[in-house]
1. Hey, which lysines would be in cross-link range of A:LYS655, C-alpha to C-alpha under 23 Å, not counting anything within fewer than 8 residues on its own chain?
2. I need the peptides A:398-405, A:71-78, A:541-548, A:26-33 ranked by packing, meaning the mean over residues of other C-beta atoms within 10 angstrom, with the highest value on top.
3. Alpha carbons only, please: Rg and Dmax for the range A:385-483, in angstrom.
4. Given 0.36 nm per residue, what is the gain on full extension from A:LEU427 to A:THR790 after removing their alpha carbon distance, in nm?
5. If exposed means no more than 11 neighbouring beta carbons inside 10 Å and the site is in a DSSP loop, what's the longest run of chain B without any exposed GluC sites (Glu not before Pro)?
6. Could you give the length gained by full extension between A:ARG550 and A:LYS523, i.e. 0.36 nm per residue of separation minus their alpha carbon distance, to one decimal place?
7. Just to confirm the filter: which chymotrypsin sites (Phe, Trp or Tyr not before Pro) across the range B:1-84 are DSSP coil and have at most 11 other Cβ within 10 angstrom of their Cβ?
8. Which part of the range A:575-610 falls in the paramagnetic zone of A:THR116, meaning amide N under 20 Å from the point 7 Å along Cα-to-beta-carbon?
Amino acid sequence: MKDQRPDPDDLLEAVKGEAHRSKRGQLKIFFGACAGVGKTFAMLQAARQLQAEGVAVGIGIVETHGRKDTEELTAGLPELPRKAMSGNGRPTTEFDLDGALAAGYKLLVVDELAHTNVAGSRHAKRWQDVEELLDAGIDVYTALNVQHLDSLNDIIGGIIGIRVRETVPDRIFDAATDVVLVDLPPDDLLSRLNAGKVYLPVSIERARQNFFRRGNLIALRELALRRVADRVNSDVRTYRVSHAIKTVWPTQELLMVCVSADRSQERLVREGARLAQRLQVKWIVVHVDQPYHGDDQQARETLLSIALAAQGAGAEFANVPGQDVAETLLDFARKRNATKLIIGNPSGRRYMAFRPRLQERIARADPEIGLILLGVDGVRPLVKRKVAGERQNYAWSLAVATVACGLTTTVAAWLLRVFDLSNIVMLFLMTVVFVAIRLGRLAGAWAALFSVGCFNFFFVEPTLSFTVADTQYIFTFALMLAVALVIGQLAARLRSEARVARAGERRASALARIARELSSAIKLDQIVSVCQGAITPLFGAKVVLLVPDRKERLLPTQDDGLIDLSVAQWAFDHTQEAGAGTQTLNAAEALYLPLRASMATRGILAILPDGTALPNNPDDRRLLDACCSSVALALERIHFVEVAQDTLVRMEGEKLRNALLSAVSHDLKTPLTAIRGLAETLERSKDIPEEDRNDIARSIRVQADELKRLVSNLLDLARMQSEGVHLNKEWHSLSEIVGSALAQSTTLLRPRSIRTSLPADLPLVDVDAALIERVLINLFDNAAKYTPSTSTVAIRAAVSGDTMYMVVEDDGPGLPMADPDTLFEPFVRGKKESSIPGVGLGLALCRSIIAAHGGSIRAEARKPKGTAFEIRLPLGAPPEIESETVNEQAAHPDR
Amino acid sequence: MNKPRILIVEDEADIRRFVRMALEKEGMSVFETTTAEEARLNAGSRKPDLMIVDLGLPDGDGKALIREVRNWVSAPILVLSAREQETEKVEALDAGADDYLTKPFGVPELLARVRAQLRRSGTISNGSTTSPVVKFGQVAINLATHEVTRANEPVHLTPNEFRLLTALIRGHGKVLTHRQLLMDVWGPGYAERSHYIRIYMAQLRQKLEDDPSQPAHLITELQVGYRLSGLEIPEGNRTADP
């Protein structure tokens, strides 16, 4: 933990780093209606102009497609080497992001923003590369066609009949510093095309005839112009907002896009993005999680991709659990104050014409809400909706339902001998209820039908035939079927609701538990163990926490060979998720999520799939995100606790240091002055009587001894402060330490009488002998300074329980202070302004030494007079000593 | 009788000077060297009776010098060290030094240590003892019969206590490190178990010292080792004092 304490210089470095990072590069997009309008040309011209002004301009990647005029423009600009890659087995070259980051250009030209990178590159898309360049503070010039804009993708696909797969999120376009429209009237473009001056990508080349119709070009041009106009409009608005202090804000409206888990719904998200951008409102994509859709893996994946698309386009995504779609949506809309709802209107055949459509129900329930209906073509995803396993599952449940009905028939046939036919009906109803509860709605409905059939066939006259003699049984059948269906539906709903509730409850309680455990964590180890203990079982994946050290390098908190530190570091540096299942470095085995807290990114949570897949349903992802924020908050909290403690310690240390300096400088100067003066006296005066000379020499020695004691104390204090308290503990005999201390203090204490009473059987104590000796010397020193020479100094020791008591006492004048404990504060002396030397450091040092040994020291006045210092030291378990095999003969051979 | 020859290895001029003045006043001849290199040469050519070596030398480590010189010089070596060099002191003693003085030290202390070392080396070089009985204070030990008496009363020692006492007697006047004593008395397997020696020293002091907490003969050198001081060897088996 200690290693993570930042020192001020490191902090300063980090702040500088942040400041540097915040200097984001500027993005200029050269925007055109379609290929051939001259974007690359305009872009290179602009770059050259900047180069002429002295800016370090480089070409990141530009495809000239062999056009002469363009090639001439690139001539003067240094071009970065491309990276050789193998895409789909074919060797190819790709934009080298790392090279570009390292090259040190102020501005880079990176053509074709919508390009999809060769598999194996760091990012899936070139616009992500550009983002990273911008983050690194490099300005970028790039080119983009209108059909590659995400939100316009559908419209343009509809107009020109070609759907482009390479799209760029609108937020990149909107966040660009500058957008330059490169415009060419359609007729000019057509003539350029006919002159062969336009290079076309393969996909469009095929559709050349269709694509370059005049009508298409006009439409594309209009879209491009309008999109740029929108941007200019929003620029103006931003300017107004930032320059007028009291602009009236429009009420915060919310646009809500309601989706189901179907590929076709991605269009809704794109439309939503466009509309939200137009209306300048926030927007949210909502999916109602109906309980009986819970197990469909395919749907879950689709939903996740919709959620990611929505978040990528700047929306919030919410997966709201609920039974009834209309009610749940309305509830949510009211709660979030959404005024406009976008709903897909499926164009396929309606299966249940009698039921009101979703939009009708919403409109009826709340006429205030604005509804926007968008036709979603019933294009089913290429993958079949139901996986084979699911189908088997249904077949199995239907089989079980059939068997159950068969069994009921057998039992009923036997019971019919005793009971009436009406009871048999009840028996069948019960079977339907059980089947519905256990196996779901479809099996329930099947059981209802089958039961009616069985009842008719086996029990109604004429038996073993579906014909019915008594017409009133027709009524019985109808009632029985209706009741069975209703009960079955209710039972199935009950079951699924219980399941939803259980799942929700599981998530909520898991999150609550994690939050609770994290809130009590005050050490990194505790957070690590929460991650292991609580988060790991939640997702069935291994979770490893990585935290940065002082130099912002990530270190895993536990060793695991599967962690790819370079990916983790990237995710940390860019505060973006990376690894498996993301758009960045997705060849990695694990998923790396940044732990964002309010002040900084505090680390990375690595999720290692443990045999199973990574958490991929939106609920799990949200739960995971919630876990990440909790962990990030906990990490941030311990960080600040450390900073606070550190500051406190530093302040205390500062105070102490200042007091020490002033006291020490005084106490060092006094003996030094005396020594110097006395030595100079010896030096200068020729004829000093022998006796005086001896006196002077003795004084010098006494002063030097005083200096020696002071220096010893300072050295011990410094050692304890700098090394923390590092004790060189060994099992020592107390009498040896006392003896050694007394031997050093006898000259000082003389002529006071010294009494020791140390029992012969005192156990060994585990102490740092040099420091305990220092304590005793300081106490003797104290006694020598503050007691008259006639007094007695006594040292006693005794053991009581698991404590060793040691007392150093004298019969001097006693303590001058009311509160003896203040004696142990640094620089406190019993008598102020006395001539007795010393900085009041001795007792303070004693206290720190004894405290470091886990003991205590206190002073008390003796009756009738004198002072006693009592030291308590904890007794450990002394090491074993092999008992000596007593061989009397060896010692006393004569006995 | 020749003057005892003392070799001082110390880089601080003032310390060298007062040590030389004190020793010359005692009638010894003193050679000064300031570096380990010079000391090596002088230790061979001057044939000193005693070397005083500072542990912190400008051109090398005092311990290394001691270890090297110990191979061919039998004269006692007295080490000078600063207070915080506790482990260095132990290492120097283990390397072959005989005693140490902690800076700052006084002249009387220095002279006492020098005299003790010279006396001791004289005894050893003089060869065998005529009488097996040695004494310190009121304690008499018969090394042949293993009899120990204190104020003429027999004292019972366990075999290990006796072995420890004889080890101290053999190295009397010298500082014996915990390690050296443990190896000597208990064997190599016990070299790190210094608590053994503390227990047995306490027992010896109880049995042999007048005031065990302020011992006069079985002296503790805290965190370094022990020394036996004040050992009297009967007339006839020691050289005359210089």
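Since every read-out is calculated from the coordinates, none of them should be taken as a lab result. For clarity, every value in this text was computed on a predicted model and none was experimentally measured. Using ideal geometry, Cβ is built from the backbone for each residue, glycine included, and neighbour counts are taken over all protein chains shown.
1. Leaving aside lysines fewer than 8 places away in the same chain, those within reach of A:LYS655 are A:LYS2, A:LYS669, A:LYS831, A:LYS832.
2. The densest-packed peptide leads the list: A:26-33, A:541-548, A:398-405, A:71-78.
3. Cα only, the range A:385-483: 14.4, 49 Å (Rg, Dmax).
4. Numbers: separation 363, 0.36 × 363 = 130.68 nm, distance 11.17 nm.
Taking 0.36 nm per residue and subtracting the Cα distance, the gain is 119.5 nm.
5. B:1-191
6. On the way: separation 27, 0.36 × 27 = 9.72 nm, distance 1.68 nm.
Separation in residues times 0.36 nm, less the Cα-Cα distance, equals 8.0 nm.
7. Details: sites: B:PHE18, B:PHE31, B:TRP72; in loops: B:TRP72.
Taking the range B:1-84 and a limit of 11 other Cβ atoms within 10 Å, the loop chymotrypsin sites (Phe, Trp or Tyr not before Pro) found are B:TRP72.
8. A:579-588
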